[in-house]
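Report on the following structure.
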Amino acid sequence: MYSFSFSVAVPLSASYGYEVEAQDDPVVHTFKNFAATAIPAATPEQAVLLMLFPFLLRIPDWLPGSSLKREANRTRDLAIQLTEIPYRYAEERLVTSNERPITTMVSDHLTRVPNHTDQAQRARDIFDLKKTAVSSILAGSDTVLSTLMAFTLAIVLNPRVSKRAQAEIDTVVGTDRLPHFGDRPALPYVNATIREVLRWCPPAPLGEMISKLRLLQRVWKLSLAGIWHATSNSDVYNDDWTQDCATGTTVVANIWAMSRDEARFPNAEDFVPERFLNDGDEYALSFADVPITDQGIDTLAFLEASEGVVRLFKLLENPAFAPVVNDINGNITKVRTRYLSNPTKSATLELLTLNEQSEKKNTATEGMMWLFRGLSFTQQSLHTAQSDSKIELSKAFEKGYGDSLGKHHNFIVRGVFSLAMNACPKRNDFYTKLAADPDGGPAVASADVNGELDKWLQALDKNVAQMRKVYKERGYGEI
């Protein structure tokens, strides 16, 4: 029962700010009754029956064969309660609460829904918001619950994993508080365990709930999104003309098969979090995914993206760049240490430096300055390479260095960098490695590589430009 309550509590909190405080919570109870009635009825057989005989939903309740309609009416009433109760809670809290309201999906949209003079339009906006919010409960609770159950099974079957993960949490977090997102970078084994749970037992391996979702949408008028998709244009799968996908073809992503690919996941049936701890982990966050809000650049996301730059330099396979890699890693550590000391006051890079300076400290601020100088060097060098398809990497990096890091180095360090840049690999070799699949699969198309790299460089340039302005305005130094 706890797992079920928790799985409902997560989307309720995120969407409405509604906190489940007891197992007999009315919203949880309503959802439990809804699921008990709706899910068993939402079978492919029922869907076919309704498609062939839609009048079954219109016959009188007293007629034999009307049980489906009676169940539909009961579930519809529960669906209305599930839609209205948490929504009214969020709406009333926004108006009556003396405290600053927690930003949730519903509260955020309510503050931004225009006060239309056209009341019909406003009613439509509110209707869409209600249906979208309740969809998060229906979609989120099922996936959270199945993941929790899979995690429990994995831990019971693999006590060594439980012991190692618990030891890591005890070391990093201690016993007097719960983990928070700021602890995530310091919990690599816990992160690997979560990823292995999702691989070992994916919550939607074939998107098989789609038929149920469509039936729910038809009978109870719920706005639900499925997992399967249809092609908007004709396409060819894997460059194989025999696997032509005409427009409108339903495409099923077989996540289960992907997660059982022995070439990528040896001994795929075994639960082994260590498979996600290798140094060649290619799942680096892109700078294009780093959130930038009115308060600044998200610190944690920025640090994860910066670690991807280290992987990029490793592709150069040039020992002479070791000082660059060490410098980037060292400066990332300085910023992360400051972040972990007070995540709330370090949520963005701008807040982190501001609060450190207020304490008359400078370690993270200076480390960040050198980190951005290194990122600027990387951005300008690769931008030059992207702009001129004939220029070799050595020349591109030489130009990038002169326009960025070279301005801040003495003649000894400039000599070290000169040696490193002269030893850069050939341009074609570098781009071939960028496109290669580390697990031996087909290489990424050249156009796609260039497109992603351009996107990455544009986002990195935006990050650098923003912090260059901040440092200049606050007098921290020149980036």
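The values are calculated or read from the model by the stated rules, or taken from the named source; none is laboratory data. Quantities reported herein were computed from a predicted structural model and do not represent experimental measurements. When we count neighbours, we look across all protein chains shown, and the Cβ atoms used for this are built from the backbone with ideal geometry, even at glycine.
Within region 135-164, the set of residues being at pLDDT 90 or above, of a type in the set (Gly, Ala, Ser) and surrounded by 17 or more Cβ atoms within 10 Å (Cβ to Cβ) comprises Ala150, Ala154. If you check Ile328 against the conditions, is it part of a loop (DSSP other than H, G, I, E, B) and in contact (Cβ under 8 Å) with a residue 12 or more places away in the chain? Against the criterion (part of a loop (DSSP other than H, G, I, E, B) and in contact (Cβ under 8 Å) with a residue 12 or more places away in the chain), Ile328 does not qualify.
Could you grab me the full set of residues in region 187-199 that are modelled with pLDDT under 85 and surrounded by fewer than 17 Cβ atoms within 10 Å (Cβ to Cβ)? Listed by number, the list holds a single entry, Pro188. Report whether or not His383 is more than 26 Å from the chain's Cα centre (by Cα) and outside any helix (DSSP H, G or I). No: the conditions fail for His383. I need the full set of residues from region 301-347 which are among the aliphatic types (A, V, I, L, M) and either touching a Cys at 6+ places or on another chain (Cβ under 7 Å) or in the same structural domain as Asn191 (by TED's automatic domain parsing) (or both), in order please. Once the filter is applied, which keeps residues that are among the aliphatic types (A, V, I, L, M) and either touching a Cys at 6+ places or on another chain (Cβ under 7 Å) or in the same structural domain as Asn191 (by TED's automatic domain parsing) (or both), region 301-347 yields only Leu316.
Scanning region 333-374 for residues that are of a type in the set (A, V, I, L, M, F, W, C) and surrounded by fewer than 22 Cβ atoms within 10 Å (Cβ to Cβ), we see that the one that is farthest from Val310 (Cα to Cα) is Leu354.
Evaluated against (1) surrounded by fewer than 19 Cβ atoms within 10 Å (Cβ to Cβ); (2) of a type in the set (A, V, I, L, M, F, W, C); (3) in a helix (DSSP H, G or I), Phe377 falls short on exactly one condition, (1). Is it true that Gly406 is out of contact with any Phe, Trp or Tyr (no Cβ under 9 Å at 6 or more places or on another chain) and buried (at least 16 other Cβ atoms within 10 Å of the Cβ)? The answer is no for Gly406. Among residues of region 65-79 that are at positive phi, those with a Cβ under 9 angstrom from a residue that is surrounded by 17 or more Cβ atoms within 10 Å (Cβ to Cβ) and at pLDDT below 70, sequence gap 6+ or separate chain, pair up as Gly65/Leu56.
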